[in-house]
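Taking it in order: structure first as structure tokens, then the write-up.
Rule-based calculations on the coordinates, nothing more; no lab input. Note that the structure is a prediction, hence the values are computed from the model and not measured. All Cβ positions, even for glycine, are placed from backbone atoms using ideal geometry, and neighbour counts span all protein chains on display.
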Amino acid sequence: MIKLRAFIESDIDSLAIFANNINVSRYMASRMPYPYTKEDAKWWVEIGSKDLGLNYAIDLDGKCIGVVGVRFGESEYQYSAEIGYWVAEKHWGKDIGTEAVLKMTGKIFSEFKTARLSAPVYSPNKASMRVLEKCGYTLEAIHQKAVFKNDEFMDEHVFVKFRS
């Protein structure tokens with residue numbers, strides 16, 4: 001069982017290792033750099049995770065094995081937010097992403113005014129789509145050729161969940 005917690009200095013090494021994986025970064029927004037260095041991890045722990053929304057380490061047995069976060073909308077989007085996540089490749093297929101998304105979704109809907117959570121997913125990332133479906137998110141839209149990354153166009157699938 002995982003827990004979600006704030007980042008701590010000892011997460012820097014594991015973040016630098018786990019995030020510096022093309023299989024992890026391939027379908028992440030480009031704001032997550034690749035290659036991912038120890039300096040990137042240090043910046044994330046000390047600054048980025050605090051300044052860029054609500055972000056938690058996915059903790060398994062005291063070790064950070066991924067990230068789940070939410071960026072809140074502003075102004076007319078104040079009741080909307082976007083959720084994102086990644087899990088270290090060696091922990092794929094163990095429902096850790098599902099558990100993290102379920103926990104974060106519950107937290108957001110119980111502690112914040114958010115009415116709508118959305119999650120954009122690049123078309124080849126079927127595993128992430130399945131995570132969202134298992135968490136009760138539904139496919140709202142497919143934006144064709146909306147993403148150009150790694151020298152290819154990809155469709156963006158937007159999954160949503162609403163406060164009940």
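The table below lists the values:
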{"item": "Qualifying positions in the range 130-164 - part of a loop (DSSP other than H, G, I, E, B), over 15 Å from the mean Cα position of the chain (by Cα) and free of Cβ contacts under 8 Å to residues at least 60 places away in the same chain", "result": "GLY136, ASP151, ARG163, SER164"}
{"item": "The range 100-129: number of residues that are surrounded by fewer than 13 Cβ atoms within 10 Å (Cβ to Cβ) and not in a loop (DSSP other than H, G, I, E, B)", "result": "4"}
{"item": "Pair list, Cβ < 9 Å and 6+ apart or interchain, from the range 33-47 residues that are surrounded by fewer than 16 Cβ atoms within 10 Å (Cβ to Cβ) to residues that are aromatic (Phe, Trp, Tyr)", "result": "GLU46/PHE7"}
{"item": "Leading residue by the ranking (surrounded by the most Cβ atoms within 10 Å (Cβ to Cβ)) among those in the range 48-96 that are of a type in the set (S, T, N, Q) and within 14 Å of ALA19 (Cβ to Cβ)", "result": "ASN55"}
{"item": "Cross-chain or 6+ apart pairs with Cβ under 6 Å, the range 66-89 first and farther than 21 Å from ALA6 by Cα, then of a type in the set (Ser, Thr, Tyr) and part of a strand (DSSP E or B)", "result": "GLY73/SER80"}
{"item": "Test: residue in the range 51-67 that is more than 13 Å from the chain's Cα centre (by Cα), of a type in the set (S, T, N, Q) and farther than 22 Å from PHE148 by Cβ", "result": "no"}
